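One structure below.
The values are calculated or read from the model by the stated rules, or taken from the named source; none is laboratory data. Only a predicted model underlies this, so the values are computations on that prediction, with no experimental measurement involved. Don't worry about glycine lacking a Cβ; one is built from the backbone with ideal geometry, like all the others, and counts go over all protein chains shown.
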Amino acid sequence: MTANWSSRPVQAAIVVLAVAFGLRLGWAAFIPVIPISDSVAYDTLANTLATHGVYGWNPTEPTTFWPVGTSALYAIIYIIFGHNFIAVVGFNIILGTVIVAQTMWLARSFFDNEIAILAGSLMALWPSEIAYVTILASELPFIFFVLSGFCAWYSPNLSKLARGAVSGLAFAAASYVRPIALLLPIVLWLTDMLNFRQLREQLPVMLLAMVVVLASIAPWSIRNTRLYDHFMLLSSNGGVTLWMGNNPDSNGVYMAPPASVEKLDEYERDKQLSAAAWRYIVDHPIDFVMRTAKKALLLHLNETIAVHWNAEGIKQRLGEGAILPLKLLMQAYWSLVLLLALVGVAMLVREDGLIPTLLHPLVATWIYFTTVYSMILVQDRYHFSSHPSIAILSSIPLVWAIRRVRSARCPIEARS
């Protein structure tokens with residue numbers, strides 16, 4: 001381990017990106033796309049939008065239940081290339097490879113070249129990230145737009161005006177995929193709260209970004225509001241998912257809505273279940289806190305969703321017997337990087353202190369995503385938003401270990 005790849009970061013980054021692209025292309029060439037669950041919904045919504053210009057389950061049934069972003073992206077692909085999954089997979093491969101590049105850029109901005117290359121390598125080799133290219137889902141677009149916002153926010157080559165505008169557009173695009181991104185400009189701004197001068201200087205950037213975000217989502221909010229004659233921001237599933245995670249029978253994950261709301265329109269169903277969830281939270285505050293903590297742990301417990309949603313394609317090519325080994329592989333990789341990331345956080349705490357570490361943008365956004373999801377509803381795919389942060393934080397102890405080995409071997413090699 002005497003070679004120091006930080007001396008040739010560009011060449012090393014190119015190799016990492018080539019590996020990332022090749023692995024994703026190889027998986028896509030071997031595993032066919034056979035949508036199940038949410039993927040079927042995204043495909044249906046995208047096809048209706050592309051064919052009829054209506055965001056709905058059919059041309060006469062417009063919907064507000066899910067945010068439009070993911071289906072709109074696929075609809076654009078269907079309009080250009082026709083209704084086929086090859087173009088969608090190609091799009092996902094490009095997204096996945098760019099996400100690796102964005103991760104390296106951020107890691108280099110916050111740390112150094114070695115951590116950047118290693119973090120990119122972890123993302124390039126991440127089994128779930130590779131397998132996601134054959135799934136119609138919101139994870140890859142959301143991560144891409146969020147990282148685009150991060151890169152603009154922390155770019156040294158952009159003016160404050162440009163940083164606010166570009167990051168605002170990126171976070172708005174991410175909000176169209178998942179509304180949880182709406183508050184990211186405020187989250188990033190608050191990471192400077194220990195430095196009042198920096199906080200003050202970043203205030204115009206945050207305000208402009210929020211204005212851009214709100215202005216960008218306004219057209220869809222107007223569309224949704226007109227559809228039901230009631231104000232609606234981006235989607236009508238917030239109250240439903242809040243109820244799923246906060247009711248007497250909830251175990252923190254998906255559950256079917258009660259039969260009593262089946263015949264209600266999407267607005268009324270969301271309104272009633274939201275009210276029921278808040279009543280339960282107010283009446284059982286201790287249970288809410290305890291359940292939220294349990295959901296935070298549950299959110300990070302497993303990572304096998306990429307196998308589950310690729311199950312039919314895997315069975316077709318590799319047989320039923322391949323499912324369990326692939327799940328074990330993905331679970332093992334996730335467990336390892338999560339453990340390393342926690343060690344990386346501990347190392348930052350030792351070096352910088354607890355509060356500065358918690359306010360580090362990578363750690364703060366990981367905490368933000370975890371907190372919001374845990375208060376509502378969790379699935380293992382919801383922690384995918386934090387994959388880049390976890391990869392970077394995982395690289396801290398790995399690079400430390402590599403440098404220790406290198407420094408121990410150098411005197412021996414010098415004597416040789």
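Starting from residues that are among the aliphatic types (A, V, I, L, M) and within 15 Å of P185 (Cα to Cα), keep the ones in segment 350-362 and report whichever is nearest to the chain's Cα centre (by Cα).
L362
Give the residue that is surrounded by the fewest Cβ atoms within 10 Å (Cβ to Cβ), with candidates limited to residues of segment 367-397 that are of a type in the set (A, V, I, L, M, F, W, C) and outside any helix (DSSP H, G or I). Filtering first and then ranking leaves L377. Summed over segment 352-361, residues that are assigned to a helix (DSSP H, G or I) and touching a Ser or Thr at 6+ places or on another chain (Cβ under 8 Å) total 1.
Conditions (1) farther than 24 Å from F369 by Cβ; (2) modelled with pLDDT of 95 or more, marked per residue:
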position: P204; (1), (2): yes, yes
position: M210; (1), (2): no, yes
position: V213; (1), (2): no, yes
position: S216; (1), (2): no, yes
position: R223; (1), (2): yes, yes
position: G238; (1), (2): no, no
position: V261; (1), (2): yes, no
position: I281; (1), (2): no, yes
position: K295; (1), (2): no, yes
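Considering each residue of segment 168-178 in turn, at least one proves to be at pLDDT 95 or above, out of contact with any Pro (no Cβ under 8 Å at 6 or more places or on another chain) and either polar (S, T, N, Q) or over 30 Å from H300 (Cβ atoms) (or both).
Within segment 289-301, residues that are β-branched (V, I, T) sit with their Cβ atoms under 7 Å from residues that are surrounded by 12 or more Cβ atoms within 10 Å (Cβ to Cβ), at 6+ positions apart or across chains, in these pairs: T292/S374; T292/M375.
Could you list, in sequence order, the residues of segment 245-290 that are among the polar types (S, T, N, Q) and loosely packed, with under 14 Cβ neighbours inside 10 Å?
Going residue by residue through segment 245-290, those that are among the polar types (S, T, N, Q) are 246-247, 250-251, 260, 272, 274.
N251, S260 - these are the residues of segment 245-290 that are among the polar types (S, T, N, Q) and loosely packed, with under 14 Cβ neighbours inside 10 Å.
Checking the stated criteria, S250 turns out to be closer than 29 Å to M232 by Cβ and not charged (D, E, K, R). Among the residues making up segment 62-75, those that are farther than 15 Å from L95 by Cα and of a type in the set (A, V, I, L, M) are V68, A72, A75.
Cβ-Cβ distances below 6 Å connect the following pairs, each with a first residue in segment 340-352 that is without any contact (Cβ under 8 Å) to a residue 12 or more places away in the chain, a second residue that is part of a helix (DSSP H, G or I), and a separation of six or more residues or different chains: V349/T357.
The residue that is nearest to V372 (Cα to Cα), among those in segment 153-172 that are outside any helix (DSSP H, G or I) and touching a helix residue (DSSP H, G or I) at 6+ places or on another chain (Cβ under 9 Å), is Y154.
Within segment 1-19, being modelled with pLDDT under 90, surrounded by 14 or more Cβ atoms within 10 Å (Cβ to Cβ), part of a helix (DSSP H, G or I) and of a type outside the set (F, W, Y) holds for S6, P9.
So, of the residues in segment 98-128 that are surrounded by fewer than 21 Cβ atoms within 10 Å (Cβ to Cβ) and of a type in the set (G, A, S), which turns out to be farthest from F150 (Cα to Cα)? Ranking the candidates gives A101 first.
Out of curiosity, is W400 in a helix (DSSP H, G or I), under 29 Å from N251 (Cα atoms) and of a type outside the set (V, I, T)? Answer is no for this residue.
From the list A346, A364, A293, A306, the lone residue that is assigned to a helix (DSSP H, G or I) and crowded, with 20+ Cβ neighbours inside 10 Å is A306. Within segment 383-396, residues that are modelled with pLDDT of 95 or more have Cβ atoms under 6 Å from residues that are of a type in the set (D, E) in these pairs: F384/E139, counting only partners at least 6 apart in sequence or on another chain. Hey, any hits in segment 20-37 for a residue that's of a type in the set (G, A, S), free of Cβ contacts under 8 Å to residues at least 24 places away in the same chain and buried (at least 16 other Cβ atoms within 10 Å of the Cβ)? No; the residues of segment 20-37 include none that is of a type in the set (G, A, S), free of Cβ contacts under 8 Å to residues at least 24 places away in the same chain and buried (at least 16 other Cβ atoms within 10 Å of the Cβ).
Per-residue answers, yes or no, for (1) of a type in the set (D, E); (2) free of Cβ contacts under 8 Å to residues at least 24 places away in the same chain; (3) more than 28 Å from I34 (Cβ to Cβ):
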| residue | (1), (2), (3) |
| --- | --- |
| S121 | no, no, yes |
| A131 | no, no, no |
| E139 | yes, no, no |
| I143 | no, no, no |
| A152 | no, yes, yes |
| S155 | no, yes, yes |
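Checking each residue of segment 57-65 against the condition of being surrounded by fewer than 15 Cβ atoms within 10 Å (Cβ to Cβ), part of a loop (DSSP other than H, G, I, E, B) and at pLDDT below 95 gives at least one match.
Within segment 312-324, not a single residue is of a type in the set (D, E, K, R), surrounded by 12 or more Cβ atoms within 10 Å (Cβ to Cβ) and closer than 27 Å to R226 by Cβ.
For N310, state whether it is of a type in the set (S, T, N, Q) and within 13 Å of A131 (Cα to Cα).
So N310 fits the description; yes.
A search for C-beta distances below 9 Å between a residue of segment 229-249 that is within 19 Å of P219 (Cβ to Cβ) and any residue that is of a type in the set (A, V, I, L, M) and part of a loop (DSSP other than H, G, I, E, B), counting only pairs 6+ apart in sequence or on different chains, returns L234/V68; S235/V68.
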